[in-house]
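S.K.: Here you go, one structure.
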Amino acid sequence: MSSSGVNPSDIDMDLEAQLRDALRPVAPSDAFTQALLAKLSARSARASSARESHRSQAAGRGLPPTRDGERVVRLARRVPGWWLTASLAASLLVAVGAVQHLRAEHERARGLEARREVIEALRVTNQKLDLAYRVVRSQSSAMAEGDSGV
Amino acid sequence: MDEQLLRARRGEPAALETLVRAHQRTVYGLALRMLGTRDLAEDLTQEVFMEMNDHLTSIQSSGHLAFWLRRVTTNRAIDQLRRRARIDVTTLDEESPLFGAVDEADPLLQRRLSLLLAELAPAARAVMLLRYQEDLDPAEIARTLDMPANTVKSHLKRSLDYLRLRLEEGGDARRGDHST
Amino acid sequence: MFRLRVVVFLLVPVLAWAGPNPRLVLPEFAALAQKATESVVITLDPSLLAMAGRFLDGSDPKDAATQEIIKGLQGIYVRSYTFDQDSAYSQADLDAVRSQLSAPGWNRLVQTRSKKTHADVDIYIMVVDKAAIGLALIASEPREFTIVNIVGSIDLDKLHKLEGQFGVPKLDIEAPASAAGKSK
């Protein structure tokens with residue numbers, strides 16, 4: 001470490017700044033992007049024609065179209081004026097429930113952290129069990145080779 | 001619901017292109033810096049965006065999309081790295097340095113940082129990239145990598161310590177305050 | 001007589017509690033943690049395990065399999081430290097844990113010693129009334145040691161099947177019959 005009295009936290013900030021500079025975003029080549037977009041378009045077109053086929057079959061059976069976007073647009077046009085009153089009432093409820101929400105969020109964060117820890121713990125356990133299996137297996141192979149060499 | 005996302009779900013090419021162009025630097029950058037070569041990075045980038053296309057209906061917002069892309073990219077890269085030996089640092093493509101436009105003020109330091117980051121274990125490297133390329137805080141990194149927050153912090157601390165030590169060993173000329 | 005019966009009644013749960021205990025007392029390893037380049041310290045008691053279970057997504061295959069595994073568990077404890085040089089820790093550091101595994105109830109399931117990689121792995125299970133109620137694993141490698149203590153009944157076969165889902169590549173290795181464990 002420095003003996004010149006430089007604050008270690010300054011050194012860390014310098015390193016972190018260097019890292020951010022070094023890790024500025026990198027774009028792929030234009031050729032790659034174009035090729036990727038072409039593949040995505042082709043894939044979407046295939047999926048779209050499959051949906052179109054489903055829609056025409058559904059229409060033949062008297063069923064409404066199923067495109068998400070269209071459903072959202074139709075819903076928006078149907079909204080009546082009472083919605084404003086309802087939304088005001090909902091806002092009041094949200095304000096009243098703010099404390100419960102924060103508590104629930106905290107609980108959720110703890111729960112998700114516990115979930116991550118379980119997954120990590122099982123991963124580590126599995127890794128070490130595999131280590132044991134590999135050692136046993138390699139010892140078995142070595143013994144088999146030794147026997148066959150006799 | 002984000003308009004671009006809605007239109008992309010409907011398969012509109014222009015919307016898909018907007019999403020790809022908005023996020024490709026993140027995905028490609030993470031892939032390249034995790035895997036070390038342009039070919040592997042392009043393969044992974046394509047794989048991730050293809051999968052994104054297949055899962056658009058389950059993505060709820062642009063924020064969710066960004067999270068999803070980071071998560072899938074880093075997890076796939078970690079899986080790949082764990083399946084093969086450590087990347088051979090000497091085979092890195094010198095024409096496309098891992099770390100984007102090199103700062104003319106200190107190209108040597110930046111190259112050195114790039115090589116040193118490649119020495120980190122996959123999980124630690126992913127944590128560092130999410131922190132310093134994507135500017136995520138430790139809690140967000142923990143969510144992205146499905147990793148306990150304490151492990152994230154441990155990776156950050158240890159990786160910075162490692163980089164600092166290796167830079168000092170290398171006799172970084174800029175760090176004139178470190179007299180040996 | 002009544003007082004004697006009360007005393008016996010009170011002693012029974014105490015004596016039962018004093019029976020085999022699958023929960024190990026794990027040291028803090030504070031000094032080693034300082035030296036380690038990576039550390040994994042996980043302490044999941046019954047309440048945290050239950051909480052984790054509520055946040056595992058049953059519709060996700062990995063989460064569902066994890067839920068299945070932790071169903072019979074009362075605790076998972078992990079201490080794993082990685083160092084950047086050989087011999088950063090000594091076997092004496094692990095002796096405080098190993099000595100607990102010579103207590104009644106613990107049976108060594110697997111002991112592996114690799115001269116090639118210098119990796120030693122010991123796996124113990126605690127069996128009471130023909131049911132496994134605990135597992136302990138100590139893995140010692142030149143630059144890393146790991147201690148895992150699982151309290152409760154764990155199915156090692158199910159755990160082994162998860163390996164592809166945790167970012168660990170599927171290895172072409174069948175678990176030896178003796179190591180699969182009769183954990184149910």
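The values are calculated or read from the model by the stated rules, or taken from the named source; none is laboratory data. Because the structure is predicted, anything quoted here is derived from the model rather than measured. Neighbour counts are summed over all protein chains in view; Cβ atoms, including those assigned to glycine, are modelled from backbone coordinates with ideal geometry.
S.K.: Based on what the data block shows, is C:Gly134 in a strand (DSSP E or B) and either over 23 Å from C:Leu26 (Cβ atoms) or at pLDDT 90 or above (or both)?
M.R.: Details: in a strand (DSSP E or B): yes; either over 23 Å from C:Leu26 (Cβ atoms) or at pLDDT 90 or above (or both): yes.
It is true that C:Gly134 is in a strand (DSSP E or B) and either over 23 Å from C:Leu26 (Cβ atoms) or at pLDDT 90 or above (or both).
S.K.: Examine the range C:18-29 for a residue that is assigned to a helix (DSSP H, G or I) and over 13 Å from the mean Cα position of the chain (by Cα), and state whether such a residue exists.
M.R.: Filtering the range C:18-29 down to residues assigned to a helix (DSSP H, G or I) leaves none.
Looking through the range C:18-29, none of the residues is assigned to a helix (DSSP H, G or I) and over 13 Å from the mean Cα position of the chain (by Cα).
S.K.: Still on this structure: So, in the range B:1-50, of the ones that are more than 7 Å from chain A (Cβ to nearest Cβ), under 17 Å from B:Arg125 (Cβ atoms) and hydrophobic (A, V, I, L, M, F, W, C), which residue ends up surrounded by the fewest Cβ atoms within 10 Å (Cβ to Cβ)?
M.R.: B:Leu40
S.K.: Output the residues belonging to the range C:111-126 that are at the interface with chain A (Cβ under 8 Å from one of its Cβ atoms) and at pLDDT 85 or above.
M.R.: First pass over the range C:111-126, keeping only residues at the interface with chain A (Cβ under 8 Å from one of its Cβ atoms): C:112-114, C:116-117, C:119, C:121, C:123.
Once the filter is applied, which keeps residues that are at the interface with chain A (Cβ under 8 Å from one of its Cβ atoms) and at pLDDT 85 or above, the range C:111-126 yields C:Thr112, C:Arg113, C:Ala119, C:Val121, C:Ile123.
S.K.: Taking only pairs six or more apart or across chains, which ones have beta-carbon atoms under 6 Å, a first residue in the range B:107-119 that is more than 8 Å from every other protein chain (Cβ to nearest Cβ) and closer than 13 Å to A:Leu23 by Cβ, and a second residue that is part of a helix (DSSP H, G or I) and β-branched (Val, Ile, Thr)?
M.R.: Cβ pairs passing all conditions: B:Ala118/B:Val89.
S.K.: Scan the range C:70-88 and tell me whether some residue there is more than 26 Å from C:Asp129 (Cα to Cα), surrounded by fewer than 16 Cβ atoms within 10 Å (Cβ to Cβ) and under 18 Å from the mean Cα position of the chain (by Cα).
M.R.: In the first step, residues of the range C:70-88 are kept if they are more than 26 Å from C:Asp129 (Cα to Cα); the result is C:78-88.
Restricting the remaining residues to those that are surrounded by fewer than 16 Cβ atoms within 10 Å (Cβ to Cβ) gives C:84-87.
Narrowing further to those that are under 18 Å from the mean Cα position of the chain (by Cα): none.
Within the range C:70-88 (the criterion being more than 26 Å from C:Asp129 (Cα to Cα), surrounded by fewer than 16 Cβ atoms within 10 Å (Cβ to Cβ) and under 18 Å from the mean Cα position of the chain (by Cα)), the answer is no, since none of the residues qualifies.
S.K.: Now a separate question. If I filter the range C:127-138 for residues that are within 10 Å of another protein chain (Cβ to nearest Cβ) and under 12 Å from C:Pro22 (Cβ atoms), do I get at least one hit?
M.R.: If we filter the range C:127-138 for residues that are within 10 Å of another protein chain (Cβ to nearest Cβ), which is where we start, we get C:135, C:137-138.
Then keep just the ones that are under 12 Å from C:Pro22 (Cβ atoms); that gives C:135.
Within the range C:127-138, one or more residues are within 10 Å of another protein chain (Cβ to nearest Cβ) and under 12 Å from C:Pro22 (Cβ atoms).
S.K.: Across the range A:103-150, what is the number of residues that are assigned to a helix (DSSP H, G or I), farther than 30 Å from C:Gly152 by Cα and at pLDDT below 80?
M.R.: 12
S.K.: Another question about this same structure. Sort out which residues of the range C:115-131 are farther than 18 Å from C:Gln91 by Cα and part of a strand (DSSP E or B), and write them in order of number.
M.R.: Listed by number, the residues that qualify are C:Ile125, C:Met126, C:Val127, C:Val128, C:Ala131.
S.K.: Select from the range C:29-64 the residues that are within 30 Å of B:Ser58 (Cβ to Cβ) and touching a Lys or Arg at 6+ places or on another chain (Cβ under 7 Å) and write down the one among them that is surrounded by the most Cβ atoms within 10 Å (Cβ to Cβ).
M.R.: Result: C:Ala52.
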